Structure formats: C-alpha cells, structure tokens
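To start, the structure itself, in structure tokens.
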Amino acid sequence: MDELTEHFRDAVAGSPPSRIDLDGLIAADRQRRRHRAWTLAGTGVAAAVAAVAVPTLVAAPGPGGMALPPMSSESGDGSLCAAPIPSPSGPEPSLQTYDTVRARPTESSEAGVPRLTAALRAALATTVPTNLTVTGTVPECDRPQFAYQPPYRQYETIATLSRDGRHSHLKVAVHPTGAEAQADCVGAPDPRNCEVLGLDDDGRVMLSTSTDPAGGTLRWVRLMRVDGTSVTVSVGNLLYGDRGPVDRAAREALLTSQELVELARAPGLTLYP
C-alpha cells in the first residue's frame, strides 16, 4: 500500500457508510495511472482525490515531466505562462505503449499545448456561468493552460472554480483513445452511478456522479470522440484537498454534468486537428 493510499484510508476511517467502493476505486486508479485510458487524468470518494489531486510543483525542468510551454508576450487566448513541472512522488513512469484506435497524433507538444489551451479557454468562456471565476493553478498564472505529460502522451490541466468565497477544482485531460478502451462505466469514479450516452457525430460520453459521506459531490465525464481522441473532465470540492482550507471548499460541484459534457465537446479539444 503506497503512502497516498494509506492517507486516504485514514481519511475515511470511521466515516458513515458510503456508496463508493474504496478498494475498487483504488485498483481502478492504479490501472488508469498505468494505462491512462485521466489521468493527475483521470479519479470512494476519498480515492477520487488521489487520482486528481494537484501535484507539488517545482521550478526546475527535467526529462519525463510535464513539458514546459514556451513563454509568450501576446495577450491572446494562446498566451502561456512558464509552467513548473510536478515533483515525482515515486519512480519515474515508463512511456506508455498501449495501442490506439488510430495512428498516434504527429503534432508536437510545443504546438499542441498553445492550441489546446486556446481551445479550452474559449470553451470555458462560453460554458462556465458568469457567476463563477476560473483561475489557473500554476503559480503566478491566473489563466488555465494545458501541460503535456510525455510518459502518458496526454495533455492535462487543473483550474480552480470560485464562487462566493468557495472553491473547487476543474480538471481536463486529452489523450489518444486506447484500442481496447470501451464506452462503459468501468473507469468511472462510481460505476454504480453512471450512464453512457450517444452524441451522434461526437461519439459516446460517460457521465458519473460520486457523493462522499459528508455530502460532497464529484462529477466526472469522459467523451470518446469518433476521431480517436478521449477527453476527460471532472469537477468537485473533492479535488480541492491539498490546495487551501477545507472549510472553503464548495460542497456542490459548481458545474453541472451537462456543462461538463459541453466542455468536453469543444471542437478544439482534439488531438487530430
């Protein structure tokens, strides 16, 4: 049992019964971290925190970590901050070699990061209600932006949602769809509270909602696009664990499942532009 797993077991010890299968979710999270078929991508509800918690950040770049996006002095939607990489908490993961439903994207991460960041910011501007504030979690950068994770060949970001002094986290991950991936609820935070919907030409989407013993809510959506891209979006106060006082965490998820679906369907959030 790793240190993070033990921490979350301690956190839920003595709590009232929950609908969440903690052991099942820990096992599912380990598999997702190996195959990434969401990611920080992907996420009992206490176990959901482990899968989506914000990593400790350091300023020094290094091989195998999140790629540093280039600095930009322009004020457009694609402008980026210099992003520190996460400090690894264990052995460096090896490059994931799973097969994908179509040939892997050839776009470089140097081009993909600003392109996907611009698409995400445009989608947030049209989808997030005006009474919510969206900020990035990269130090000294107030706008959300993607970073590339070479071992998992995916892009991901975490942003903070705020309203009336309460906060939660929004996480978005974009990665190639694995050849063995299924449009089912096996990888959902709570497979027992999950549904699968067809979206015509946009592919299929899985929606899941988890509730912890204290009443906190986590919403999760995964879209499997017909072009071979998978987009995973999750939101909830459960993501706020190690980034600020717990008493300032919003008990509600702040975004609806439908709003998460609309974010995932943003045309620019694809690896095959």
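The values are calculated or read from the model by the stated rules, or taken from the named source; none is laboratory data. Predicted, not measured: the structure shown is a model, and the values here were computed from it. Note: accessible area is taken over every heavy atom of the protein model, side chains too, but ligands, DNA and RNA are not part of it. Shrake-Rupley method; radii C 1.70, N 1.55, O 1.52, S 1.80 Å.
Using a 1.4 angstrom probe with every protein chain in place, what is the largest-first accessible-area order of Met206, Met224?
The ranking, largest first, comes out as Met224, Met206.
Given a 1.4 Å probe and every protein chain left where it sits, what share in percent of the accessible area of segment 86-186 is carbon and sulfur?
Ligands and nucleic acids excluded, carbon and sulfur give 50 percent.
Per residue, how large is the accessible surface of segment 85-234? Use a 1.4 angstrom probe and give square angstrom.
Heavy-atom SASA per residue in segment 85-234 reads 43 Å².
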